[in-house]
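**Student:** First, the structure itself, so that you have it in front of you.
The values are calculated or read from the model by the stated rules, or taken from the named source; none is laboratory data. Model, not experiment: these values are computed from the prediction. As a convention, Cβ positions derive from the backbone with ideal geometry for all residues, glycine included, and neighbour counts pool all protein chains shown.
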Amino acid sequence: MKFFKDTQIIFEQSLNGLTENEVNSYFPQFFQGKDLFIEFYKQTNGGYFTHGAVFYRDHFNIDNLKDYNAMEVESFNFIKSNQYVKSDYLLSICEVIRYRSNASSKLQNFIKNNIPFAGDAGDNDYWIEIPTGRIRYTHSTDPDWADNIIDIAPSFYDFCLYLQSKRRVL
């Protein structure tokens, strides 16, 4: 299955894909689109967009675009299937959860219902909301992050499909 429609996207530094059981053991909760999330991680366990990638929120007519239409994506986090799995290029989902939990006690409730699967170059996160499966974005250094969660896409697959290798030319 192809996840990126843009054939110019360069997605590298991926770790070996996982089994369905490995993904389910890490994320037993149901969420909309989980089957495609599992399929992605069976093919590739995280990865780095070598020349960057951008997602435009206006593909989905999301209200309240403000200044956040073009969203940069640097990498997808990997799932740490055992203690020996490491990457010089990627963060694990487990690491992101630990970092964010330590940074804010408010984030601990958010983390229970969201999975940090990707990030940008500014150390901000893209999350899958459980159980809706919709994609959301948070600024890691924003003290009012809870009031500033940004809706990105209706699903993990939609997010992947509409990633672009280049910004739009105005």
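**Student:** If we only count strands (runs of 3 or more DSSP E) wholly inside segment 86-145, which ones have 2 or more residues that are within 16 Å of residue 37 (Cβ to Cβ) and of a type outside the set (A, V, I, L, M, F, W, C)?
**Tutor:** 114-119, 125-129
**Student:** Return the residue satisfying two criteria in turn: it lies in segment 112-150 and is of a type outside the set (D, E, K, R) and in contact with a Gly (Cβ under 7 Å, 6 or more places away or on another chain), and of such residues it is farthest from residue 90 (Cα to Cα).
**Tutor:** Checked segment 112-150; the qualifying residue farthest from residue 90 (Cα to Cα) is 133.
**Student:** Run residue 150 past the list (1) surrounded by 18 or more Cβ atoms within 10 Å (Cβ to Cβ); (2) modelled with pLDDT of 95 or more; (3) of a type in the set (Val, Ile, Thr) and report the number of the one that doesn't hold.
**Tutor:** (2)
**Student:** OK, next. Restricting segment 100-130 to residues that are hydroxyl-bearing (Ser, Thr, Tyr) and in contact (Cβ under 8 Å) with a residue 24 or more places away in the chain, which is nearest to residue 144 (Cα to Cα)?
**Tutor:** Going through the qualifying residues, I end up with 104.
**Student:** Determine whether residue 30 is touching a residue at least 60 places away in the same chain (Cβ under 8 Å) and surrounded by fewer than 13 Cβ atoms within 10 Å (Cβ to Cβ).
**Tutor:** So residue 30 passes the test.
Conditions tested, residue by residue: (1) acidic (Asp, Glu); (2) within 25 Å of residue 166 (Cα to Cα); (3) outside any strand (DSSP E or B).
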site: 3; (1), (2), (3): no, yes, yes
site: 9; (1), (2), (3): no, yes, yes
site: 18; (1), (2), (3): no, no, yes
site: 30; (1), (2), (3): no, no, yes
site: 36; (1), (2), (3): no, yes, yes
site: 42; (1), (2), (3): no, no, yes
site: 55; (1), (2), (3): no, yes, no
site: 59; (1), (2), (3): no, yes, yes
site: 74; (1), (2), (3): yes, yes, no
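**Student:** Need pairs with beta-carbon distance below 6 Å; first residue within 20 Å of residue 131 (Cα to Cα) and within segment 142-166, second of a type in the set (Ser, Thr, Tyr); sequence gap 6+ or separate chains.
**Tutor:** Pairs found: 149/138; 150/68; 150/137; 152/137.
**Student:** Identify, please: which residue in segment 8-34 is over 18 Å from residue 81 (Cα atoms) and not β-branched (Val, Ile, Thr) and is, among those, farthest from the chain's Cα centre (by Cα)?
**Tutor:** For segment 8-34, the residue satisfying everything is 8.
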